[in-house]
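The values are calculated or read from the model by the stated rules, or taken from the named source; none is laboratory data. It should be emphasised that the depicted structure is a prediction, and the values quoted were computed from it without experimental measurement. FYI the Cβ positions are ideal-geometry reconstructions off the backbone, even for glycines, and counts take in every protein chain you see. These accessible areas exclude ligands, DNA and RNA; they are computed on the full protein's heavy atoms, side chains included. Shrake-Rupley method; radii C 1.70, N 1.55, O 1.52, S 1.80 Å.
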Amino acid sequence: MGDQWMLAAAARKISSPFCCGGSLAPEFPVRICYRQQDSWQSIALPDGIQALAAACSEASFGIGGERVMDPSYRKALKLEPGDFTTSFDLSGYGILDEIKTLLFPSNQRVIPKLYKLNVYAQGDFFKAHVDTPQAGNMLASLVVSLPCAHSGGDLVVRHGKKSQSFSFGGENSDDRIGWAAFFSDCEHEVLEVTSGHRLTLTYNLFVEESSTVAGKTDFSRSELYKLFVEAKASGKNMTLGFPCEHLYAQGSEVSIPEALKGSDAFVYHAAVAAGLEARVCSVWSREKFGDSRFIGHESMLGKFVVSDDCYESQDKESFDLSEFLDRRLVEEWKIVWCRGSFDWNLGGACASYGNEPSTESFYCAAAILVTIRGGSQEESDESEEKESDEEEDEDREDESEEE
Ligand SMILES: O=C(O)CCC(=O)C(=O)O
Ligand SMILES: [Fe+2]
């Protein structure tokens with residue numbers, strides 16, 4: 001089916017950002033009240049940063065289930081939310097509205113939870129990691145850099161082959177607030193602070209379940225939507241598969257479509273807007289957790305590809321999940337993958353470097369499956385067989401073209 005390449009091309013054209021940021025001048029000095037042993041101290045930034053730093057403790061991070069203090073990977077100071085209060089009011093500056101517009105095209109309700117205060121002094125940094133999902137509905141992270149003179153300490157966020165830097169330091173860093181938000185599965189790092197103090201508040205951004213408010217983004221203006229409409233009118237029966245660009249928290253307790261991020265949400269909503277049935281499947285490996293099965297079953301994120309079945313490799317050593325996804329799902333479930341060459345990001349970030357230790361929460365690969373119901377079942381079986389033969393041929397052709 002040639003259409004699948006057109007659908008793939010249209011899906012690739014969706015340019016939904018994976019991060020965003022900005023800067024603003026606070027109307028009033030930002031105050032911080034922090035606990036110092038048995039008393040509380042108050043400072044008005046940018047003054048008092050040395051004393052605030054002295055009240056902080058060293059910041060840890062997670063490798064798998066372990067909490068690690070390793071100054072060669074992360075060197076920074078922290079205060080827990082219970083140990084400080086601040087006059088900085090996130091809702092007062094329109095930052096969340098901007099994040100919602102750019103990162104949440106399906107208009108989910110976003111709830112920020114203050115996570116930490118961090119001080120990065122000269123020579124401090126945080127190497128590449130992803131933010132450990134605190135729950136399935138934690139989709140993004142927000143860093144707010146408070147007024148404090150410093151240089152260096154850029155935040156670099158990566159998503160696939162793309163990368164974006166946010167620089168809060170340099171001139172005016174003592175009287176401006178800088179911020180950056182990104183989907184938490186995107187790898188990011190804080191480069192070394194070369195002078196002064198980089199003072200940040202970090203927030204986890206959660207979406208509220210069943211909070212999608214229709215009408216903000218018009219999905220029907222996209223080329224993808226038009227192709228979905230054509231596919232629906234074609235009378236064919238088939239299931240189109242779109243590998244997700246983002247990773248998703250395993251065991252997510254949020255139901256679709258709220259849990260979807262950026263361009264993945266766009267694909268889902270364009271299909272639904274075209275009157276098609278869309279669902280999300282996800283795949284993960286339990287290998288690192290003492291159970292070497294590849295499992296697919298019902299999840300709150302949506303239906304797994306393989307429903308309640310467990311897929312146990314006959315030969316665990318040679319089991320290749322990418323192969324499984326690419327070939328067996330095409331052969332057995334007749335999924336027509338709409339994508340160019342795709343490197344399944346099989347939760348590469350899972351259970352490795354996180355900002356928190358966790359063996360329970362990790363990210364997994366996901367795909368959006370769009371079902372087109374056209375003719376009768378008999379016709380559908382025939383056409384599916386034919387489709388799958390043709391599409392395998394095309395797949396092979398495509399691969400050889402790309403090589
Ligand atoms: O401070 C920043 O820009 C990012 C910090 C971070 O990645 C974290 O605390 O997990
Ligand atoms: Fe982080």
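The figures follow:
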quantity	calculated
Computed over segment 19-207, Kirkwood Rh from alpha-carbon pairs, angstrom	16.8
Surface accessible to a 1.4 Å probe, per residue, for the residues of segment 19-207, Å²	42
Distance between segment 134-165 and segment 23-74 - C-alpha centres, whole angstrom	17
Coil-residue GluC sites (Glu not before Pro) of segment 1-72, DSSP, other Cβ within 10 Å capped at 12	E27
Modelled FRET efficiency - R0 56 Å, V229 with S91, Cβ distances, 0.05 increments	0.90
Three-way shape label, segment 75-165, alpha-carbon gyration tensor, a/c 1.5	oblate
Accessible surface of segment 19-207, 1.4 Å probe, proportion on carbon and sulfur as whole %	48
